[in-house]
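Structure first, then comments.
The values are calculated or read from the model by the stated rules, or taken from the named source; none is laboratory data. The shown structure was predicted, so the numbers you read here are calculated from the model rather than taken from an experiment. Backbone-built Cβ (ideal geometry, glycine too); neighbour counts: all protein chains shown. Accessible surface is based on the protein model in full, side chains and every heavy atom, while ligands, DNA and RNA are left aside. Shrake-Rupley method; radii C 1.70, N 1.55, O 1.52, S 1.80 Å.
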Amino acid sequence: MAITILVVNGPNLNMLGSRETDIYGHGTLDELMAGVVAHAESRGATVRHLQSNVEGDLVEAIQAAGDGSADGVVLNAGALTHYSIALRDAIAAVDVPVVETHLSNVYAREDFRHTSAVAAVCVGVITGFGATSYRLAVDALIDLLGD
Ligand code: DQA
């Protein structure tokens, strides 16, 4: 059966294209997700995606993945990455692999971005490759789930 991957984008990622373009580039979230969907399809996987500025929506999306709505999760939690214990607990509570994913290299930025509340309960972290970060995360999940 085809692998279903949920891509979860957190706060302010709806503003891609106009937000801090020197860091995040000029591509919009719609363009980013279209590329991820096409890449997953080329590998025989299905991608669903959502974006929310609300922490609880991300928690519920992770919980739903744990209930079977997805086989794996690509998570760009935005700033919530750096402090959301609720998101960490949600990831720890489900038996679904989650890849922490970032467009920018968070370790080349401000100190507060060097801390992740979620990394320790994720299967891995991909950071700094722009749109390619998402495709790498999809590839990692396909390889992991296909074994
Ligand atoms: C981000 C990095 C975070 O530190 C920041 O708060 C974001 C985007 C990234 O994709 O590079 O909103 O997750």
task: Report the convex hull volume per residue for segment 92-147, counting only C-alpha atoms, in Å³.
output: 69 Å³
message: Need one number: nm distance between label points at Ile85 and Ala119, each 7 Å from Cα along Cα→Cβ, rounded to one decimal.
response: 2.0 nm
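So between Thr21 and Tyr107, what do we pick up on full extension, going 0.36 nm a residue minus the alpha carbon distance?
Working: separation 86, 0.36 × 86 = 30.96 nm, distance 1.83 nm.
Difference between extended and current length: 29.1 nm.
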Part-to-part distance (alpha-carbon centres) for segment 51-66 and segment 89-133, which is given in Å: 15 Å
task: Report Rg(Cα)/(2.2 N^0.38 Å) for the chain, keeping two decimals.
output: 0.95
message: 5 Å is the cut-off here: which amide hydrogens, built 1.01 Å from N in the peptide plane, fall below it relative to Ala117, excluding neighbours closer than 5 in sequence?
response: His82, Tyr83, Ser84
message: Please give the charge dipole size of the chain, origin at the Cα centre, charges +1 on K and R Cβ atoms and -1 on D and E Cβ atoms. Round to the nearest 20 debye.
response: 200 debye
field: Amide H partners (placed H, <5 Å) of Arg19, local residues excluded
entry: none
Per residue value of the accessible surface for the chain (all protein chains in place, 1.4 Å probe), Å²: 47 Å²
Shape category assigned to segment 38-108 from the gyration tensor of Cα positions, a/c cut at 1.5: oblate
message: If you roll a 1.4 angstrom probe over the protein chains with everything in place, what fraction of the accessible area of the chain belongs to carbon and sulfur, to the nearest %?
response: 51 percent
